[in-house]
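Student: Sharing a structure with you now.
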Amino acid sequence: MAGFLGRLRSALSVRTVARQVFSLHAAIVVLLVVAAVVALVLQSRADSEREARNRSLAVAETFANAPGIEEALAGPDPTAVLQPRAEEARKASGVDFLVAMTTDGIRLTHPDPA
């Protein structure tokens, strides 16, 4: 009977060790998968923000360098000339807003005329 109990304990301890090793491997795999998902989400967010920044800058530079902008800014009523052009450029480029300002910080155009 004592021999049987010894073998039973030995068999159970082998299973326990095997179970522990399996659990350790499973935990490592889960941690690696979670770390990879977190890294991908963070990278995706950074890429998305960078793309939005680049797109906004490209739209602003294109509008600022468009023919007739300098003349409109020097004219008597820049808002009357620039507002329709800014709104057209905003819609065509798909950005949320496109605002032209003076160097003093006075807005000449805005999507909300008020």
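The values are calculated or read from the model by the stated rules, or taken from the named source; none is laboratory data. Quick caveat: nothing in here was measured; it's all calculated off a predicted structure. When we count neighbours, we look across all protein chains shown, and the Cβ atoms used for this are built from the backbone with ideal geometry, even at glycine. Remember, those area values only see protein heavy atoms, side chains included, never the ligands or the DNA or RNA. Shrake-Rupley method; radii C 1.70, N 1.55, O 1.52, S 1.80 Å.
Student: Would you confirm whether or not the stretch 77-92 contains a residue that is assigned to a loop (DSSP other than H, G, I, E, B) and without any contact (Cβ under 8 Å) to a residue 40 or more places away in the chain?
Tutor: yes
Student: Being over 24 Å from A52 (Cβ atoms) and charged (D, E, K, R) is the requirement here; does E71 meet it?
Tutor: When the stated conditions are applied, E71 passes them.
Student: Something else about it: State which residue pairs qualify: first residue within 27 Å of I69 (Cα to Cα) and inside the stretch 47-59, second residue surrounded by 10 or more Cβ atoms within 10 Å (Cβ to Cβ) and not hydrophobic (A, V, I, L, M, F, W, C) in any location, beta carbons under 7 Å apart, and separation of 6 or more residues or different chains.
Tutor: Once the first residue is within 27 Å of I69 (Cα to Cα) and sits in the stretch 47-59, its partners that are surrounded by 10 or more Cβ atoms within 10 Å (Cβ to Cβ) and not hydrophobic (A, V, I, L, M, F, W, C) give V59/S93.
Here is a yes/no grid of residues against (1) within 20 Å of I106 (Cβ to Cβ); (2) modelled with pLDDT of 90 or more; (3) not aromatic (F, W, Y):
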residue: A58; (1), (2), (3): no, yes, yes
residue: N65; (1), (2), (3): no, yes, yes
residue: L73; (1), (2), (3): yes, no, yes
residue: S93; (1), (2), (3): no, no, yes
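Student: Just give me the residues in the stretch 59-98 being open to solvent by 50 Å² or more (accessible area, probe 1.4 Å) and aliphatic (A, V, I, L, M), in sequence order.
Tutor: If the condition is that a residue be open to solvent by 50 Å² or more (accessible area, probe 1.4 Å) and aliphatic (A, V, I, L, M), then A64, L73, A74, A80, V81, A92 are the ones that fit.
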